[in-house]
Amino acid sequence: MTGRTVRGGLPARRRLPAHGAVVVTGASSGLGRECALELESRGFHVLAGVRRSEDGEKLLAESLYGRLRPVPIDITDDASVRASAELAAREYGGLRGLVNNAGICVPGPLECVDSDQFRRQLDVNVVGHLGMVRAHLPLLRQSRGRVVNVTSGLGKAAVPFLGAYSAAQFAKEALSDALRRELAPTGVRVSIVAPGAILTPIWNKVSEAGDRVLSDAPPAVAELYRSAFGAFMEGNGQQALASRTTPEDFVRAVVRALTDVRPRTRYWVGADARSMGRWARLLPDALLDRRFSGITASVGAPDPVDRRQG
């Protein structure tokens, strides 16, 4: 028994032993933190990527087994990425898995997302993860290890007002597909874990990022979208609050991707993520557009707050 439990046991006959070193990016909080702690409890040595030393100290204080090591990793900095691979080689002699979990969300109407914001979205969620894969592949080839790329349901269907984030998730899906096919002959397996809405601290960050996007846009452009975008963000928050999908569900999928004898190419986490995947696969574009049309119905309408003040 471990000190931390993940809902739903996995049949031992389908699992590989949980041993060796695993790198988890974005482990400061939320899903990455839960993932790092659970993998440690399962028997892995975990290099938990954090951006700030204080986050690493908090994570280390929660570690119960002495197999977790916080590591400063900025996935947008090549030197930082190389240092994590060198540490894994030096301290553990190899690497069993890489969990590319770190990410940001730049929400907002695409007309309001400036080029710097869009580049930042792609740099963190796509370019940085490819850098992590490149740096750690020599170690993963030695062990015939696993790459687990975390995307979302928005990697299959682009929702209005999350276009930049969806673009990054689509790209990460394509990256994963290409890597899976390129690395198959070497024994390195690549899986996608695609969670839906889960209540974590990221929702506060997303709301703040949305406010920044609108405040940085030209006022006349921002006003076209303010009412519809505000309603969308509020609905997103309510969806997260109402979601029955838990961080434990996410962690269970990551564990399976790392230990299933025959890992799936994709693990959906949550009913909303699975639905998004089905819609993208089965619905024609016109019907999918109609399903999302309510989100943008009030674009161009005055902000109701402004009307009350007028």
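The values are calculated or read from the model by the stated rules, or taken from the named source; none is laboratory data. Here the structure is a predicted model, which is why all the values come from computation and not from measurement. Note that we place each Cβ from the backbone using ideal geometry, even for glycine, and neighbour counts take in every protein chain shown.
Among the residues of region 18-42, those identified as free of Cβ contacts under 8 Å to residues at least 40 places away in the same chain and either more than 25 Å from Ala83 (Cβ to Cβ) or hydroxyl-bearing (Ser, Thr, Tyr) (or both) are Ser28, Ser41. Taking region 45-140 as the region of interest, the strands (runs of 3 or more DSSP E) fully inside it that hold 1 or more residues being over 26 Å from Thr186 (Cβ atoms) are 45-50, 68-72. Only residues that are more than 18 Å from Val159 (Cα to Cα) and in contact with a Cys (Cβ under 8 Å, 6 or more places away or on another chain) were counted in region 221-246, giving 2. Pairs are defined by a Cβ separation below 8 Å, a sequence spacing of at least 6 or placement on different chains, a first member in region 244-273 that is among the basic types (Lys, Arg), and a second member that is assigned to a helix (DSSP H, G or I) and modelled with pLDDT of 95 or more; the pairs so defined are Arg264/Arg256; Arg264/Ala257. Answer yes or no: is there a residue in region 121-131 that is in contact with a strand residue (DSSP E or B) (Cβ under 8 Å, 6 or more places away or on another chain) and farther than 15 Å from Pro107 by Cα. Yes, that holds for at least one residue. For region 100-140, a tally of residues being within 25 Å of Phe292 (Cα to Cα) and either touching a residue at least 60 places away in the same chain (Cβ under 8 Å) or of a type in the set (Phe, Trp, Tyr) (or both) returns 13. Every condition in (1) polar (S, T, N, Q); (2) at pLDDT 95 or above; (3) surrounded by 23 or more Cβ atoms within 10 Å (Cβ to Cβ) holds for Ser152 except the one numbered (2).
Considering region 68-105 alone, what residues qualify as being out of contact with any strand residue (DSSP E or B) (no Cβ under 9 Å at 6 or more places or on another chain) and β-branched (Val, Ile, Thr)? Hits for region 68-105 are Thr76, Val81, Ile104.
In the set (1) over 14 Å from the mean Cα position of the chain (by Cα); (2) at pLDDT 95 or above, Ala157 fails one condition alone, (2). Collect the residues in region 15-32 that are in contact with a Ser or Thr (Cβ under 9 Å, 6 or more places away or on another chain) and not in a strand (DSSP E or B), keeping them in residue-number order. Leu16, Pro17, Ala18, Gly20, Thr25, Ser29, Gly30, Leu31, Gly32 - these are the residues of region 15-32 that are in contact with a Ser or Thr (Cβ under 9 Å, 6 or more places away or on another chain) and not in a strand (DSSP E or B).
Note on region 169-273: enclosed helices (runs of 4 or more DSSP H) holding 3 or more residues that are in contact with a strand residue (DSSP E or B) (Cβ under 6 Å, 6 or more places away or on another chain) and not acidic (Asp, Glu) are 247-259. Screening Phe118, Phe161 for residues that are touching a helix residue (DSSP H, G or I) at 6+ places or on another chain (Cβ under 9 Å), crowded, with 24+ Cβ neighbours inside 10 Å and more than 17 Å from Val24 (Cβ to Cβ) leaves exactly one candidate, Phe161. Here the condition is being modelled with pLDDT of 95 or more, out of contact with any Cys (no Cβ under 7 Å at 6 or more places or on another chain), surrounded by fewer than 15 Cβ atoms within 10 Å (Cβ to Cβ) and not acidic (Asp, Glu); of Ala184, Ala257, it holds for Ala184 alone. If the condition is being touching a helix residue (DSSP H, G or I) at 6+ places or on another chain (Cβ under 6 Å), of a type in the set (S, T, N, Q) and more than 20 Å from Trp279 (Cα to Cα), then region 142-158 contributes only Asn149. Restricting to region 187-225, and then to whatever is modelled with pLDDT of 90 or more, closer than 23 Å to Ala253 by Cα and among the small types (Gly, Ala, Ser), can you tell me which residue is surrounded by the most Cβ atoms within 10 Å (Cβ to Cβ)? In this case the residue turns out to be Ala194.
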